[in-house]
Amino acid sequence: MQPDPTSSQPEIEALLVEQRTFPPDPGFAARANATADLHAEAERDVEAFWAAQARERISWFTPFETTLEWDLPFARWFDGGTLNVAYNCVDRHVERGLGEKVAYHWIGEPGDRQTITYRDLQARVNRAANALRELGVAKGDRVAIYLPMIPELPVAMLACAKLGAPFTVVFGGFSSEALADRINDAGAKVLVTADGGWRRGRKVGLKHHADAAVASTPTIEHVLVVSRLRDGCHMVEGRDHWWGETVDRQSDRCDPVPVESEHLLYLLYTSGTTAKPKGIVHTTAGYLLGTSFTHHAVFDVKPDDVYWCAADIGWVTGHSYIVFGPLANATTGIIYEGAPDTPAWDRWWQIVEEYGVTILYTAPTAIRSFMKQGEAWPRGHDLSSLRLLGSVGEPINPEAWLWYHTHVGGGRAPIVDTWWQTETGSILISPLPGVTTTKPGSATFPLPGIGADVVDAAGVPVPPGGGGYLVITRPWPSMLRGIYGDPERYRETYWSRFPGRYFAGDGAKRDEEGYFWLLGRVDDVMNVAGHRLSTIEVESALVDHPSVAEAAVVGKSDEVTGQAIFAFVILRAGHEPSDALALQLREHVAYVIGPIARPRYLLFTPDLPKTRSGKIMRRLLRDIAEGRPLGDTTTLADATVVDTIRENTGSAED
Ligand code: 7RM
């Protein structure tokens, strides 16, 4: 869909108007880590700002000499410096007396638990690093990690960082082909995996997928296997080694390997809709700075907080906000292995109550599934310890925001809606909780030091109230350094659409007060009778109706209007699908945002196709709406969902 730059229509229409505002609580503001002067300080001299942050937040072995070298689109931050990420995340805290502080409370799905102090973490990381070294891993060698949400996952990531060995984490839910592609692209020498993990009360095997993958990955020399299920599994003599035998006998001392600021820290593959996955490159110092700075400023973390980012570590959110940001800030965190509905829909609230969680960071998809189940589940627990809530991964519908605010945050806790990407490494657009007056559904403003804009197809900034394309206007420390092995694809994908600026691929609008409202991926924008409509506004209008928990809309080709809106709707518990309700919902959208947005088709469905990080895969919904075969389903979390929806499509209303 190429927008026509000469057309008088706006790039993306801005239809939904949200009036409610939530100023920061004065008591919260008075103690907040980030204050309003940070913005002014950063704008005075942005490089000096980042340099000062880098000196303060990072323990350097050798101080850096230059702050930024910017040869567009290639950035180098903090050249001349040497450091070690694992040293910054673990060892230095033990050295300054925090050895007994809890790094992680880990909770297994079946109810087993571990409490891991910074001293324990140091010993575990060191033993794992020594084991990897014994298996031939040295500075610069790549390691692939394919593990469930068990303590060995962050331990393995940190052990690699300790050795200066770049790692790539592959989601436990990915197939053997997806794993093999990533191992081959990275050229990994060692694979760290497990016999399996727990999901929804069942054992899920992993090692057979790893074996199938390794059959076509010539670079893998050794496989290190964690025994999570304790049932044993097929092991290849000489190649495969049990973690319990190889790691546990190692020394718990290991000196950190100093690496250069721009040393490769990790690769994380994003699917991309077509062609081969892109290995997003993150390097050492800038990434560590971006994650620790934003974790401190956005989540307002204090020494006594109990912080829970409920994402999967295999998603960038887990890398940045379960592992590196929080550990760099010596935070106490929660890691929960399993699903939110196991054994029942109050599992999270039981954990919040029991551990006194103060900060919770999750995704709109989770919030909407809690909405669907009803507020009795959170109401059954004491959630008064929560003082800050976060959202990430998709635009959050205002109604879901308000539900989260009321039923989880007790109407007190501020919400930070954080916009960022695998590519950005850390949060770029978000409220500062002690500073920003929030509006439900808006990620508000770029963080201090970040330049962002909303532009039209010609790259001209859109006036207030208008919609267009989100761009980032200057380099930032945690930015991707490229696509592994493919500098041209890097330039082409991110820096060619609007020369000199980073194109995120998202639509956005800015309101009269300059607030940013994210509108979803530009590939998902619908074109109805010449009006370019974002999916999120129509979905939010549906979720605004008291019967609706979640909605996804797509454009279905139409001879008359170009595209017609096809809505997939999940009802809240206690509501039944009917033709009358479908009609009511279509009228509700017309009433809330205008007749142009009234869905032509509406289908009730029990579920939606999503990625493992909970993003709705509208591409597959378009395939369903058009009645064509499905495209690439590699990243689909649950393949049965599309079949269920397909069986129902006959009943979509016109
Ligand atoms: C962190 C993450 C990136 C894409 C991004 C957006 C969407 C993420 C928000 C959001 C609206 C948000 N990394 N996205 N956060 N949209 N509001 N707060 O999700 O690489 O997996 O995805 O996610 O479309 O481009 S990611």
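The numbers here are math on the coordinates, done by the rules we state, and not lab data. Here the structure is a predicted model, which means the values were calculated and not measured. With ideal geometry, Cβ positions are generated from the backbone for all residues, glycine too; neighbour counts draw on all protein chains shown.
So how many Å³ per residue does the convex hull of the Cα atoms of the stretch 202-359 work out to? Mind showing how you got there, number by number?
Values: hull volume 31.6 nm³, N = 158.
So the per-residue Cα hull volume is 200 Å³.
Straight-line cross-link reach from Lys302 at under 23 Å between alpha-carbon atoms covers these lysines, not counting any fewer than eight positions away in the same chain: Lys101. The mean of 1/r over all distinct Cα pairs in the stretch 279-353, once inverted, gives the Kirkwood hydrodynamic radius of 13.4 Å. Each other residue within a Cβ distance under 10 Å of Ala452 adds +1 if Lys or Arg and -1 if Asp or Glu, for a net charge of +2. For the chain, complete DSSP H runs whose alpha carbons reach 20 Å or more along their own long axis and whose mean Kyte-Doolittle score is 0.0 or higher are 284-299, 579-593.
If you put +1 on each Lys and Arg Cβ and -1 on each Asp and Glu Cβ, how big is the dipole of the stretch 389-499 around its Cα centre, in Debye rounded to 20?
Numbers: 7 positive and 9 negative charges, 52 e Å.
That gives a dipole near 240 debye.
Expressed per residue, the C-alpha convex hull volume of the stretch 1-160 stands at 314 Å³.
Packing around the peptides 634-640, 399-405, 76-82, 234-240, taken as the average count of other Cβ atoms within 10 Å per residue, puts them in this order, highest first: 399-405, 76-82, 634-640, 234-240.
A straight line joining the Cα centroids of the stretch 464-478 and the stretch 367-422 runs 26 Å. Quick one: check the C-alpha center-to-center distance for the stretch 547-619 versus the stretch 100-117, whole angstrom. Taking the Cα centre of the stretch 100-117 as reference, the centre of the stretch 547-619 is 41 Å away.
Taking the Cα centroid of the stretch 341-359 and of the stretch 441-457, what is the distance between the two, rounded to the nearest whole Å? Each part's Cα centre sits 34 Å from the other's. Built from the Cα atoms of the stretch 406-476, the convex hull projects on average onto 6.1 nm², one quarter of its surface area.
Based only on the alpha carbon positions, what is the Kirkwood hydrodynamic radius of the chain, in angstrom?
Working: mean 1/r = 0.0395 Å⁻¹.
Final number for the Kirkwood radius of the chain is 25.3 Å.
Kindly list the residues of the stretch 174-189 that lie in the label zone of Glu488, defined by a backbone N under 16 Å from the point 7 Å along the Cα-to-C-beta vector. The answer is none, because no backbone nitrogen lies closer than 16 Å to the label point.
Working note: 222 nm ellipticity from helices only, DSSP H runs with n ≥ 4, each -39,500 (n - 2.57), summed and divided by the residues of the chain, gives -7500 deg cm²/dmol to the nearest 500. Toward the positive end of the charge dipole of the chain, with +1 on the Cβ of Lys and Arg and -1 on the Cβ of Asp and Glu, the farthest Cα among Pro378, Ala161, Leu603 is that of Ala161. Kirkwood's formula applied to the C-alpha pairs of the stretch 419-576 gives a hydrodynamic radius of 17.4 angstrom. Only lysines eight or more places from Lys203 in sequence, or on another chain, were considered; those with a Cα closer than 29 Å are Lys189, Lys372, Lys610, Lys615.
Note down the magnitude of the dipole of the chain about its Cα centre, charges +1 on Lys and Arg C-beta and -1 on Asp and Glu C-beta and zero elsewhere, to the nearest 20 debye. Display every interim value, and only then the final one.
Working: 62 positive and 83 negative charges, 178 e Å.
Approximately 860 debye in magnitude.
Dipole orientation for the chain: of the candidates Gly338, Val460, Leu470, Gly338 has the Cα lying most toward the positive pole (charges on Cβ; Lys, Arg +1; Asp, Glu -1).
Whole-percent P(r), the stretch 465-514, all Cα pairs, 10 Å bins from 0: 23, 48, 22, 7, 0.
Under a Cβ-only charge scheme (Lys and Arg +1, Asp and Glu -1), can you give me the dipole magnitude of the stretch 309-398 about the Cα centre, in debye to the nearest 20?
Numbers: 5 positive and 9 negative charges, 41 e Å.
My answer is approximately 200 debye.
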